[in-house]
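Report on the following structure.
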Amino acid sequence: MGGLEKKKYERGSATNYITRNKARKKLQLSLPDFRRLCILKGIYPHEPKHKKKVNKGSTAARTFYLLKDIKFLLHEPIVNKFREYKVFVRKLRKAYGKSEWTTVQRLRDNKPSYKLDRILKERYPTFIDAVRDLDDALSMCFLFATFPRTGKCHVQVIHLCRRLTVEFLNYIIASRSLCKVFLSIKGIYYQAEVMGQPVTWITPYAFSHDHPTDVDYRVMATFTEFYTTLLGFVNFRLYQSLNLHYPPKVNLKLSALSSSLARVTAPNPEDEAEVDEFPVEGESADQEEARRKEQEALEKQKKLFEGLRFFLNREVPREALAFVIRCFGGQVSWDKSVCIGATYDVTDPTITHQIVDRPGLEKQVIGRYYLQPQWVFDSVNAKLCLPVAGYFPGTLLPPHLSPFVSEKEGDYIPPEKLKLLALQRGEEPGEESESGEEEDDEEEDKDATEGSEEEEEKSDQEDEERLKKLEEQRSQSKALPVQVTTGKVLKEDKHRLAQEQQSEEKRLAIMMMKKREKYLYRKIMFGKKRKSREANKLAEKRKAHDAAVKLEKKKSKKARRE
């Protein structure tokens, strides 16, 4: 039978992909323009399952895109704008070369521009979709907002990013939706609940920038161009949801995070009616009670610093602390020489907490807590105001635990986390630790005084053991008399019997498993055992570390006594 000859690599998965060079030629775009178009439209390379087949037998490293994505880009109107901009740059260069300044001005006035509103609506059909994808946008905008005025980035982009991030921070303060904070080496991680969606972003520390040479800032600028448009739309909708003016009048006080936002209409307490609560379908009474308690705990957390007045010294990170304190209802101020927007002075008698980061202070006011900045962040993560004893200036701070780590069953839990959980339950673990330390000190004193007595006791015990051994040898050589003794009633341990029965049932159930199920079960059990081994290893390391610290303390105490 005749028929068309089937050529190799012209059917199947090989036809679903296209290389980057072919895609670029198909769209008639340069590599920077093609990359820019893909970033704006949200089209990314794909790794084929059978790369050799798609690459027509070759093993060379190539970037592949889906063919349907490239066909989708063929009818994109923004491609024409890229071409118009190329023509504009060519004409402008020519006019500059000929010194035709009127032509230069005319060309600048008619510079081609484009908007990303339509692309934004294509990529995010609903507002919740945009909120879910806000993590990267916020992180990039916060990064660009800290850039210095160099040739790497346009000044207008830096100012725009700063304005949008300040607007977003003020919304978080107004809605009190911040949940978690974590200080890491990279920067400060924040997590807030926006419209029921968890949004996590990172802000860099306020240090001077050293621009790396191996980073392509043009690619980052393209991402920032899209993210600023996205963040502008999201901020507008979020401000509307809280009945706030948008765009807010960004004055120096607002950018310093010390003043409140203006509302469209003043809230009337008479209009605020109580919302009726109806049980969720299929929810039991216990689940409803648990949900209600969780809601009450969340409302209580939002008022964590309410009624407290903070003053920030000049050496602490002002913006991060001001943002966190105001998110939980606290009032905050700083020295007027540090930044504009201070609301009260250091001499104010109503200040309850002063945040400092220096070991010694010359003047201290009675009735005011002097604490290190970590207390604020740890209190937010613990959802309660922690005891201030471990955060005084000059003291060794406790470990800063990450709130993004949730320990499962069988995982290693550090002792600091156990203390924190005890505090959240309403217990006081501090007293136990203090009493334990006192007991240790007493034991040390006893050991020091009774060392000689122990040596004497040891020698007596050795003599007694020697005599016992001799007596046993003599008794074994003699014939033992046969005696009848009364029996003793042994009580059955019901708990132990139940455990034995349960383990036997489990063993029989494993025996009755199919081969595949048994293999899967063994893999699960192997993973659990490995996790428990790792947890035990970490616990041993911590035990050794605590023992070393304790020994060092003993040596220092002995040195002081001498």
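Evaluation of Arg149 against the conditions (1) more than 17 Å from the chain's Cα centre (by Cα); (2) among the charged types (D, E, K, R); (3) surrounded by 13 or more Cβ atoms within 10 Å (Cβ to Cβ) shows that the sole unmet condition is (3). Taking the criterion of being of a type in the set (D, E, K, R), at pLDDT 85 or above and part of a loop (DSSP other than H, G, I, E, B), the only residue of segment 462-519 that qualifies is Lys514. Sort out which residues of segment 289-325 are out of contact with any Lys or Arg (no Cβ under 9 Å at 6 or more places or on another chain), open to solvent by 20 Å² or more (accessible area, probe 1.4 Å) and under 21 Å from Gln372 (Cβ atoms), and write them in order of number. Within segment 289-325, Leu308, Arg309, Arg314, Pro317, Arg318, Glu319 qualify. Here Arg263 meets the list (1) within 23 Å of Leu164 (Cα to Cα); (2) modelled with pLDDT under 85; (3) open to solvent by less than 100 Å² (accessible area, probe 1.4 Å) almost entirely, failing just condition (3). In segment 115-138, the qualifying residues are those that are under 30 Å from Thr213 (Cα atoms) and open to solvent by 30 Å² or more (accessible area, probe 1.4 Å), and the one that is nearest to the chain's Cα centre (by Cα) is Asp135. Residues in segment 15-26 that are out of contact with any Ser or Thr (no Cβ under 8 Å at 6 or more places or on another chain) and buried (at least 17 other Cβ atoms within 10 Å of the Cβ): Tyr17, Ile18, Ala23. With respect to the conditions (1) within 21 Å of Ser402 (Cα to Cα); (2) in a loop (DSSP other than H, G, I, E, B); (3) of a type in the set (A, V, I, L, M), Ile366 falls short on a single one, namely (1). Against the numbered list (1) modelled with pLDDT under 90; (2) assigned to a helix (DSSP H, G or I); (3) within 27 Å of Ile188 (Cα to Cα), Cys339 comes up short only at (2). Checking Lys523, Lys541 one by one, the residue that is at pLDDT 90 or above, under 27 Å from Pro399 (Cβ atoms) and part of a helix (DSSP H, G or I) is Lys541 and no other. Applying the set (1) of a type outside the set (Lys, Arg); (2) under 25 Å from Gly196 (Cα atoms); (3) free of Cβ contacts under 8 Å to residues at least 24 places away in the same chain; (4) touching a Leu at 6+ places or on another chain (Cβ under 9 Å) to Leu169 leaves exactly one unmet item: (3). Selection of segment 25-40 for residues being in a helix (DSSP H, G or I) and over 39 Å from the mean Cα position of the chain (by Cα) yields Lys25, Lys26, Leu27. Within segment 384-395, residues that are outside any helix (DSSP H, G or I) reach partners that are among the polar types (S, T, N, Q) and surrounded by fewer than 16 Cβ atoms within 10 Å (Cβ to Cβ) with beta carbons closer than 7 Å, at six or more positions or on different chains, in the pairs Leu384/Gln424. Out of the residues in segment 360-391 that are over 29 Å from the mean Cα position of the chain (by Cα) and at negative phi, which is surrounded by the most Cβ atoms within 10 Å (Cβ to Cβ)? Here the answer is Arg368.
One line per residue, one yes/no per condition, for (1) without any contact (Cβ under 8 Å) to a residue 12 or more places away in the chain; (2) out of contact with any Leu (no Cβ under 6 Å at 6 or more places or on another chain):
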{"site": "His46", "(1), (2)": "no, no"}
{"site": "His50", "(1), (2)": "no, yes"}
{"site": "Lys56", "(1), (2)": "no, yes"}
{"site": "Thr63", "(1), (2)": "no, yes"}
{"site": "Leu66", "(1), (2)": "no, yes"}
{"site": "Lys71", "(1), (2)": "yes, yes"}
{"site": "His75", "(1), (2)": "yes, yes"}
{"site": "Ile78", "(1), (2)": "no, yes"}
{"site": "Phe82", "(1), (2)": "no, yes"}
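Just the residues that are modelled with pLDDT under 90, surrounded by 15 or more Cβ atoms within 10 Å (Cβ to Cβ) and not polar (S, T, N, Q), please, taken from segment 39-61. Answer for segment 39-61, where residues must be modelled with pLDDT under 90, surrounded by 15 or more Cβ atoms within 10 Å (Cβ to Cβ) and not polar (S, T, N, Q): Pro48, Lys51, Lys53, Val54. Within segment 214-255, the set of residues being assigned to a loop (DSSP other than H, G, I, E, B) and out of contact with any Ser or Thr (no Cβ under 7 Å at 6 or more places or on another chain) comprises Asp214, Val215, Asp216, His245, Tyr246, Pro247, Pro248, Lys249, Val250, Asn251.
The values are calculated or read from the model by the stated rules, or taken from the named source; none is laboratory data. For clarity, every value in this text was computed on a predicted model and none was experimentally measured. All Cβ positions, even for glycine, are placed from backbone atoms using ideal geometry, and neighbour counts span all protein chains on display. What goes into the accessible areas is simple: the full protein's heavy atoms, side chains included, and nothing from ligands, DNA or RNA. Shrake-Rupley method; radii C 1.70, N 1.55, O 1.52, S 1.80 Å.
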